[in-house]
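Working notes for the structure below.
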Amino acid sequence: MLVENKVVIVTGAASPRGIGKATARALAAQGAKVVIVDLQRDAAEAAAADLGEGHLGLRCDVTDKTSCEAVARDTVARYGRIDGLINNAGITQPVRTLDIGAANFDAVIDVNLRGTLYMSQAVLPQMKEQQRGSIVCMSSVSAQRGGGIFGGPHYSAAKAGVLGLAKAMAREFGGDRIRVNSITPGLIQTDITGDKLTTEMRADIIKGIPLGRLGDAADVANACLFLVSDLSSYLTGITLDVNGGMLIH
């Protein structure tokens, strides 16, 4: 078991075909106690129950610092520790540069970037006390290549901010044996993308992927599992590409 008895929080993990839920399943299969966090309490609790006994579902708005702190407190109250955090919660909008309004910008930055900061702030004191922990931040290939398939420029900006934030936290908390790393998925088949891809779009995208297929949520989940586990104990501040070769640099 790669993460036996480790306590890991996964944000945005209630969607059935999402990266968060797939990550929660991968962690649970390898022995972790998983705390599923989502905006809807009922959905979070149901997703945790799907994993079997010993897991926890909690409501959280990652853009609300108090809500994030409550998740950390409830997790410690239940399990006594926090070993890992997967900052998975995120939203996207297909809006072009000249059409981005203040509300668009605030919404995307708040969930993707501010939410990553607030959840990390919530767990870091406990990890410092333990002198051990692993935080995984979810960025995107769109942050690296300057735009994606569905997300607007404000999404790329938010996800690029995640990369900078993760590297800065890795440098700051390395002395506390807390590792902070990022994942940059390519186009992954989830509930968000599933109904937007036409057959023609899918074929064109796959032409640019050396491995010849779109990614599955499990591909990203396995990368999260690796970064939370002790297999990556000497990795911090890295960006792990999970894109089938869509972007090679």
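The values are calculated or read from the model by the stated rules, or taken from the named source; none is laboratory data. Note that the coordinates shown come from a computational prediction; the quantities given were computed from them, not determined experimentally. Heads up, the Cβs are rebuilt from the backbone with ideal geometry, glycines too, and the neighbour counts pull from every protein chain shown.
Any residue at all in region 185-194 that's among the hydroxyl-bearing types (S, T, Y), within 18 Å of V242 (Cα to Cα) and modelled with pLDDT of 95 or more? Break it down into steps so the answer makes sense when it comes.
Taking region 185-194 first, the residues among the hydroxyl-bearing types (S, T, Y) are 190, 193.
When the remaining residues are screened for being within 18 Å of V242 (Cα to Cα), the result is 190, 193.
In the following step, the residues that additionally are modelled with pLDDT of 95 or more were identified as none.
Checked against the condition, which is being among the hydroxyl-bearing types (S, T, Y), within 18 Å of V242 (Cα to Cα) and modelled with pLDDT of 95 or more, region 185-194 yields no hits at all.
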* Structure fact -> When every residue in region 220-240 that is surrounded by 20 or more Cβ atoms within 10 Å (Cβ to Cβ) and in contact with a strand residue (DSSP E or B) (Cβ under 6 Å, 6 or more places away or on another chain) is compared, the one farthest from I19 (Cα to Cα) is T236
* over 30 Å from V7 (Cα atoms), modelled with pLDDT of 95 or more and not basic (K, R), is that true of L225? -> no
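Might you let me know whether region 105-123 holds any residue that is among the small types (G, A, S), out of contact with any Pro (no Cβ under 8 Å at 6 or more places or on another chain), within 26 Å of T239 (Cβ to Cβ) and not in a helix (DSSP H, G or I)?
no
Looking at T75, T66, T23, T11 in this structure, which one is over 17 Å from the mean Cα position of the chain (by Cα), hydroxyl-bearing (S, T, Y) and surrounded by 24 or more Cβ atoms within 10 Å (Cβ to Cβ)? Walk me through how you get there before you give the answer.
Values: T66 fails: surrounded by 24 or more Cβ atoms within 10 Å (Cβ to Cβ); T23 fails: over 17 Å from the mean Cα position of the chain (by Cα); T11 fails: over 17 Å from the mean Cα position of the chain (by Cα).
T75 is the lone residue from the list that is over 17 Å from the mean Cα position of the chain (by Cα), hydroxyl-bearing (S, T, Y) and surrounded by 24 or more Cβ atoms within 10 Å (Cβ to Cβ).
Return yes or no: is V108 touching a residue at least 40 places away in the same chain (Cβ under 8 Å), β-branched (V, I, T) and within 30 Å of E4 (Cβ to Cβ)? Before the answer, list the steps.
On the way: touching a residue at least 40 places away in the same chain (Cβ under 8 Å): yes; β-branched (V, I, T): yes; within 30 Å of E4 (Cβ to Cβ): no.
So V108 does not fit the description; no.
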* Do we have any residue at all in region 134-144 that's modelled with pLDDT of 95 or more, within 19 Å of V62 (Cα to Cα), of a type outside the set (F, W, Y) and in contact with a Cys (Cβ under 9 Å, 6 or more places away or on another chain)? -> yes
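Conditions tested, residue by residue: (1) aliphatic (A, V, I, L, M); (2) more than 25 Å from T184 (Cα to Cα).
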| site | (1), (2) |
| --- | --- |
| I82 | yes, no |
| F105 | no, no |
| D110 | no, no |
| A122 | yes, no |
| P125 | no, yes |
| M138 | yes, no |
| G151 | no, no |
* To do: Pairs only if they're at least six apart or on different chains, beta carbon under 9 angstrom, first in region 35-57 and crowded, with 23+ Cβ neighbours inside 10 Å, second assigned to a helix (DSSP H, G or I) and of a type in the set (S, T, Y); list them, first residue then second.
  => V35/T75; V35/Y79
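Residues being hydrophobic (A, V, I, L, M, F, W, C) and either part of a loop (DSSP other than H, G, I, E, B) or touching a residue at least 40 places away in the same chain (Cβ under 8 Å) (or both): count how many of those fall in region 86-104. Reasoning before the result, please.
So the first thing to find is which residues in region 86-104 are hydrophobic (A, V, I, L, M, F, W, C), and the list is 86, 89, 91, 95, 98, 100, 102-103.
Still in the running and either part of a loop (DSSP other than H, G, I, E, B) or touching a residue at least 40 places away in the same chain (Cβ under 8 Å) (or both): 86, 89, 91, 95, 100.
Of the residues in that region, 5 qualify.
If we scan region 89-107, do we find a residue that is touching a strand residue (DSSP E or B) at 6+ places or on another chain (Cβ under 9 Å) and surrounded by fewer than 21 Cβ atoms within 10 Å (Cβ to Cβ)? Write out each step before concluding.
If we filter region 89-107 for residues that are touching a strand residue (DSSP E or B) at 6+ places or on another chain (Cβ under 9 Å), which is where we start, we get 89-90.
Checking which are surrounded by fewer than 21 Cβ atoms within 10 Å (Cβ to Cβ) leaves us with none.
No, region 89-107 has no match at all.
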* To do: Return the residue satisfying two criteria in turn: it lies in region 104-134 and is closer than 23 Å to L27 by Cα and of a type in the set (K, R), and of such residues it is nearest to the chain's Cα centre (by Cα).
  => R132
